Amino acid sequence: MKLHLLDRSSLNNSSFTTKINEYPYFLKIWHYHPELELVVVLKSEGTCFIGDSIEKFAVGDIVLIGKNLPHMWLNDEDYFDKNSNQTAKAIAIHFKKEYLGVEFFKTPEMIHILELFERARYGIKFLDVPNNIIQEIKNMLELEGFDKTITFLQILNKLSKHKKIRKLASQGFINSFNETKSDTQDKIQAFIFKNFNKTITLDEVAQIAHMNTSAFSRYFKRVNKKPFSRYLSEIRIGYACKLLLENKFNIATICYESGFNNISNFNRQFKLIMNCTPSQYLKKHVKDN
């Protein structure tokens, strides 16, 4: 799974783009771009990969993805069935932080929106967003020029004040992605995301980086601020959380689907990372909903 840089440049003489994407399934491309992206899911569900975060997505989700933050929207398996009549549909708004000028969002009246852009470098999922905000985003598709710009500012203003949000990517991922100027870290992360639910050895990944095992271990910990084993466990537990919320498999099956070889290690790693057992996590989610 190669990391792609996508050109989202506006071609319609606009400072930002609004588009409705509708396909049989979302394009399975691990990619990034210099624009921020505000996404509203209108149809379909699946798994959203943002940085090192793995989240279940569903209708009504709103996510703000920061500049150059790798991401991918992956629909559930039944969307790829050749006989499937399902569709995936979302609104995507692409814009640069300085789309209204370098100094515009630095003014006292706009600084809270600039702070939203800064938080978006990790990816932000907005929780329990009122339907009127989603409707305003939909209405933008019919607007042009001044009216479209003012409406978007009002939406950003409301989202910047929305209290129920969840940060997605980890600090370690952001540091590693921003610090490396070579393809090494990109190749490592692409390999991990493609194979995290299989057996992965430190030696395998070291070979991708063209290092011996000891040197790679030191390199990975320096760049990602955590050992390779911890990083891999966090990816696997993130995926396990996604499967638990889907409620399609029992915990034993989820253990192996997430890349763990035995239940005891799965439970131990889950509690270490999530501060609760898988069953407690599931009960809490059911209670919260």
**OP:** Collect the residues in region 91-117 that are without any contact (Cβ under 8 Å) to a residue 40 or more places away in the chain and part of a helix (DSSP H, G or I), keeping them in residue-number order.
**Re:** Phe104, Phe105, Lys106, Ile111, Leu114
Original post:
Of the residues that make up region 196-207, is at least one modelled with pLDDT of 90 or more, in a helix (DSSP H, G or I) and either of a type in the set (Val, Ile, Thr) or within 30 Å of Asp128 (Cβ to Cβ) (or both)?
Top reply: yes
Original post:
In the set Glu246, Glu234, which member is within 23 Å of the chain's Cα centre (by Cα), more than 20 Å from Gly46 (Cβ to Cβ) and in contact (Cβ under 8 Å) with a residue 40 or more places away in the chain?
Top reply: Glu234
Subject >> Residues that are buried (at least 18 other Cβ atoms within 10 Å of the Cβ) and at pLDDT below 80, drawn from region 175-188 >> reply: Ser176, Phe177, Gln185
Subject >> region 29-55: number of residues that are in contact with a strand residue (DSSP E or B) (Cβ under 7 Å, 6 or more places away or on another chain), among the charged types (D, E, K, R) and outside any strand (DSSP E or B) >> reply: 2
Subject >> Inter-residue pairs, beta-carbon under 6 Å, first in the same structural domain as Leu116 (by TED's automatic domain parsing) and in region 61-90, second acidic (Asp, Glu) and crowded, with 21+ Cβ neighbours inside 10 Å, 6+ apart >> reply: Ile65/Glu37
**OP:** Could you please find all residues in region 238-266 being of a type in the set (A, V, I, L, M), over 16 Å from Lys198 (Cβ atoms) and either touching a Leu at 6+ places or on another chain (Cβ under 8 Å) or at pLDDT below 90 (or both)?
**Re:** Leu244, Leu245, Ile251
Subject >> Residue in region 265-281 that is touching a residue at least 60 places away in the same chain (Cβ under 8 Å) and in a helix (DSSP H, G or I) present >> reply: no
Original post:
Restricting attention to region 212-219, does a residue exist that is within 22 Å of the chain's Cα centre (by Cα) and either assigned to a helix (DSSP H, G or I) or in the same structural domain as Ser53 (by TED's automatic domain parsing) (or both)?
Top reply: no
Original post:
Across region 249-269, which residue is surrounded by the most Cβ atoms within 10 Å (Cβ to Cβ) among those that are over 21 Å from the mean Cα position of the chain (by Cα) and hydroxyl-bearing (Ser, Thr, Tyr)?
Top reply: Tyr256
Original post:
Since Leu141 meets every condition but one in (1) part of a helix (DSSP H, G or I); (2) buried (at least 17 other Cβ atoms within 10 Å of the Cβ); (3) touching a residue at least 60 places away in the same chain (Cβ under 8 Å), which condition does it not meet?
Top reply: (2)
**OP:** Tell me which residues, restricted to region 1-22, are touching a helix residue (DSSP H, G or I) at 6+ places or on another chain (Cβ under 9 Å) and either modelled with pLDDT of 90 or more or surrounded by 21 or more Cβ atoms within 10 Å (Cβ to Cβ) (or both).
**Re:** Phe16, Thr18, Lys19, Ile20
Original post:
Out of curiosity, is Tyr79 in contact with a Phe, Trp or Tyr (Cβ under 6 Å, 6 or more places away or on another chain) and among the hydroxyl-bearing types (Ser, Thr, Tyr)?
Top reply: yes
**OP:** Give the residue, chosen from Tyr256, Tyr239, that is part of a helix (DSSP H, G or I) and over 27 Å from Gln171 (Cβ atoms).
**Re:** Tyr256
**OP:** Would you check if Gln135 is closer than 30 Å to Tyr239 by Cβ and surrounded by fewer than 18 Cβ atoms within 10 Å (Cβ to Cβ)?
**Re:** no
**OP:** Could you list all residues from region 270-286 that are at pLDDT 90 or above, buried (at least 16 other Cβ atoms within 10 Å of the Cβ) and in contact with a Phe, Trp or Tyr (Cβ under 7 Å, 6 or more places away or on another chain)?
**Re:** Pro278
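The values are calculated or read from the model by the stated rules, or taken from the named source; none is laboratory data. Everything quoted here is computed from the prediction, not taken from an experiment. Positions of Cβ are generated from backbone atoms using ideal geometry, with glycine treated the same way; all protein chains shown enter the neighbour counts.
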